[in-house]
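One structure is given here, and the rest of the page talks about it.
The values are calculated or read from the model by the stated rules, or taken from the named source; none is laboratory data. The structure presented is a predicted model; accordingly, all values stated were derived computationally and were not measured. Reconstructed Cβ throughout: ideal geometry from the backbone, glycine too, with neighbour counts over all protein chains shown. Quick note on the areas: whole protein, heavy atoms, side chains included, nothing else; ligands and nucleic acids left out. Shrake-Rupley method; radii C 1.70, N 1.55, O 1.52, S 1.80 Å.
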Amino acid sequence: MCPFINFPAHQLFLKEGLKRIQHRSVHSLPGTTIRDKILALKEERNAIILVHNYQLPEVQDIADLCGDSLELSRAAATMDAEVIVFCGVDFMAETAAILSPNKTVLLPAPDACCPMAQMISAEELRFAKARNPDAAVVCYVNTTAEVKAESDICCTSSNAVKVVNSVKQDRVIFVPDRNLGRYAARFTKKEVLPWEGFCIVHDQITPAHVAAARQAHPGAVLIVHPECRPEVIDLADRVASTSGIIHKVCTSPEQDFIIGTEVGVLHRLGKECPMKRCYPLSQAAVCRNMKKTDLAKVRDALQTLRPRITVPDEIADRARGAIERMLAL
Ligand code: 13P
Ligand code: SF4
């Protein structure tokens, strides 16, 4: 069970960073770096490494693909490999296991979970469905396999509006993110019934952060993730998924950007558009679970083929329908 811990995120980030530096020195044998070892094991195992945009910089740097939830789901379904090492959180590895039941899916940090995904259970969703029999169920990909199995169609932050508009029903139960649900509701004539879940990282960002950042960086373009609160979205210049944010920064003529999401995306921004100046909207926007994966854990996972993520067939078969309907869009 994923603990809902409220913590001073930046302090934890610094402490974990220090631990990683100490850990790295233990594994830095002369001649062979931990990175070399991972690349060699990857070949040996016929593995691919999928990495979410919020992962630690050194983990992003060993990725075969670094991306947002939709890009990673697509890759898990289509990329040719016997083993998928998923550097992200539990629901992402579960999604990969559902889409590729014949591949070995590894989650190097087995305790890396998404608190938002724990904010609704399959039983609670069944109850909501019984009360709203005329409504379709759209579930954010940040859900357990059991919740996906109860849903009509899945969505990610990059396609939520499109998915909500794709269902034939006029009413939609949207789970579990109230902020993404309300964001999608702005672009549809359908009645959206958002569940009361939220991301503990994005929901902490407030209009006061926007005011401070705008004052510190006048003229910068503010791009936020749709997991942010409606009052923050109201103040943003653009709204996008993590990869959408990176794409917008890299392709826009503007030079200065305030980035309203988890700080991990700043690494890719620095690499892919180094001429642009990007500032975090909140330095405290750190997802502790996304930072649990480090290079040593990736190496160990490839070496031992553990921890392995599997989903029981009966649940996977029903959840796969919801994910595949999204991918087909
Ligand atoms: P995306 O990368 O799909 O925008 O999702 C963000 C997120 O919070 C994943 O947990
Ligand atoms: Fe979950 Fe938020 Fe972390 Fe994404 S950033 S994994 S939604 S807690």
Looking at this structure, is residue 73 open to solvent by 20 Å² or more (accessible area, probe 1.4 Å), within 16 Å of ligand 2 (Cβ to nearest atom) and within 15 Å of the chain's Cα centre (by Cα)? no
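Quick one: in region 287-316, which of the residues that are among the hydrophobic types (A, V, I, L, M, F, W, C), farther than 30 Å from residue 259 by Cα and assigned to a loop (DSSP other than H, G, I, E, B) is nearest to ligand 1 (Cβ to nearest atom)?
Looking at the filtered set, the residue picked out is 309.
Could you tell me whether any residue of region 119-129 is closer than 20 Å to residue 317 by Cβ, open to solvent by 10 Å² or more (accessible area, probe 1.4 Å), within 16 Å of ligand 2 (Cβ to nearest atom) and part of a helix (DSSP H, G or I)?
no
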Of everything in region 144-159 that's away from ligand 1 (no atom under 11 Å from the Cβ) and part of a loop (DSSP other than H, G, I, E, B), which residue is surrounded by the most Cβ atoms within 10 Å (Cβ to Cβ)? 151
Look through 319, 284 and report the one residue that is out of contact with any Asp or Glu (no Cβ under 7 Å at 6 or more places or on another chain), of a type in the set (Gly, Ala, Ser) and part of a helix (DSSP H, G or I). 319
Residue hits (region 181-207; within 16 Å of residue 116 (Cα to Cα), part of a helix (DSSP H, G or I) and open to solvent by 40 Å² or more (accessible area, probe 1.4 Å)) are 182, 204
Residues that are under 27 Å from residue 246 (Cβ atoms), out of contact with any strand residue (DSSP E or B) (no Cβ under 8 Å at 6 or more places or on another chain) and open to solvent by 50 Å² or more (accessible area, probe 1.4 Å), drawn from region 271-320: 271, 272, 274, 275, 283, 297
